[in-house]
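The structure under discussion appears below in the form of structure tokens.
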Amino acid sequence: MESCRCRRVEFPARGDSTMSRRRELEHHRHSVGEIREIMNSMKTLAYMETHKLARLLPAQRAVLESIEQVAADFFSFHPGIRPESANATPVFLLIGTERGFCGDFNHALIDHPAPMAHAADLPGSQVLAVGQKLHALLPDDARVSAFIDGASIAEEIPRVLHVVVNALRSLQVAHVDLTLYAIYHAEDGIVMNQLLPPFQQQLHAAPSHQHAPLLNLPPEVFLLDLTDHYLFASLHQMLYTSLMQENRRRMTHLEGAVRHLDEESGDLARRCNALRQEEIIEEIEVILLSAASINGGPSSTSPHT
């Protein structure tokens, strides 16, 4: 039995190496599984956020369309009252993302030729950057006058809007007259909308009624109040739309990542099974060698040999 023990210790090196490799693969597979669960949870949250925004956006669009219709009626009967933009400082509001895992969302915003080239061509232009991930791409841009934290969920948009409005007020104090452009992701890609001076598309609207609207305020005061409502509704709609597109990008990005992790986990499982088969074969070899050692002792040497 002592010789049997000696022989069993001569062959474990290979088995130990196989077992060590299998344990490393199992540990790696477990880590991949944990990462996969986290990413799948993030994808689920993004999916839930898109459903929430899908309920909010139609109402917001309806409010904005109603304001634009009122503006069209107003300008059709008051064509002489038009917002002036002479010598105004151009301000570009870039709406990026607060979180990652959304592909090239922020890079596409900066690399889009029309908005940033337009900003570069206008002297004295200012940029308001919304979203931490966008901030990281514009650390040394002298045009950026304010870095604003973005919204991760729809409930944070009013807070973002409040900070944006305060930043615009600060710029208005320094530059008096502003021309505001919002650059963001929409369903049709990146768009640039002019918000100030407002109602550029409604200035030449044809009258939709025979009689002018009855105003309880002087036309100039009415236009200022309507502009405030328009800016508030437009920024809400753009922030909601951008957040919707961000979460759609995140869902697509994470879906691909989860699929890749599933493939990697399957590959690791196959490799672990192969190593386990090697372990079993090595264990059988050791058992056979041990049995052969016992049978090959003095008792196995018969007189007939």
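Scan [x] 51; [y] 29; [z] 26 for the value of percent of Cα pairs over 32 Å apart calculated from this model and give just the label.
The listed entry that was calculated here is [x].
Suppose each label sits 7 Å from its Cα in the direction of the beta carbon; what would the I281-E155 distance come out to in nanometres?
Distance between the two pseudo-spin positions: 5.8 nm.
Only Cα pairs under 8 Å and at least 6 apart count here; give the relative contact order of the chain as a rounded whole percent.
33
Determine the sum of side-chain charges near L215: Lys and Arg each +1, Asp and Glu each -1, restricted to other residues whose C-beta is under 15 angstrom from that of L215.
Taking every other residue near L215 into account, the sum is -3.
On a full-extension model of 0.36 nm per residue, what is the gain between S170 and L217, subtracting their alpha-carbon distance, rounded to one decimal in nm?
14.1 nm
Count charges around M39 for me, please; just the other residues with Cβ under 15 Å from its Cβ, Lys/Arg as +1, Asp/Glu as -1.
Spelling it out: positives minus negatives among the neighbours equals 0.
Given charges of +1 on the Cβ of Lys and Arg and -1 on the Cβ of Asp and Glu, with all other atoms neutral, how large is the dipole of the chain about its Cα centre, in debye to the nearest 20?
Using only the charged Cβ atoms, the result is roughly 700 debye.
Can you bin the range 196-243 into rounded, prolate or oblate? Criterion: square roots of the alpha carbon gyration tensor eigenvalues sorted a ≥ b ≥ c, rounded for a/c under 1.5, prolate for a/b above b/c, oblate for the rest.
Prolate.
Multiply the residue gap between D111 and A274 by 0.36 nm, knock off their C-alpha separation, and tell me the result in nm, one decimal place.
Working it through step by step, the gained length comes to 53.9 nm.
Taking the Cβ of H27 as the center, what net charge do the other residues with Cβ under 12 Å away carry, scoring Lys and Arg +1 and Asp and Glu -1?
Neighbour charge sum, excluding H27 itself: +1.
When ranked by the protection proxy of mean other Cβ atoms within 10 Å per residue, highest first, what sequence do the peptides 177-190, 236-249, 263-276 form?
236-249, 177-190, 263-276
State the answer as a single residue: which of L289, A186, L203 lies farthest towards the positive end of the charge dipole of the chain, with beta carbon charges of +1 for Lys and Arg and -1 for Asp and Glu, about the Cα centre.
With unit charges placed on the Cβ atoms, the residue in question is L289.
Helix-derived [θ] at 222 nm for the chain: sum -39500 (n - 2.57) over DSSP H runs of at least 4, divide by residue count, nearest 500?
Calculated at 222 nm, the ellipticity per residue is -22500 deg cm²/dmol.
P(r) for the range 143-269, please, calculated from all Cα pair distances in 5 Å bins and given in %.
Calculated P(r), rounded to whole percents: 2, 8, 13, 17, 15, 12, 10, 8, 5, 4, 3, 2, 1, 1, 0, 0.
Placing unit charges on C-beta atoms (Lys and Arg positive, Asp and Glu negative, everything else neutral), compute the dipole magnitude of the range 18-164 about its Cα centre in debye, rounded to 20.
660
Every number in this text was worked out from the coordinates using simple rules, so none of it is lab data. Quantities reported herein were computed from a predicted structural model and do not represent experimental measurements. Methodologically, a virtual Cβ is constructed for each residue, glycine included, from the backbone with ideal geometry; neighbour enumeration extends over all protein chains shown.
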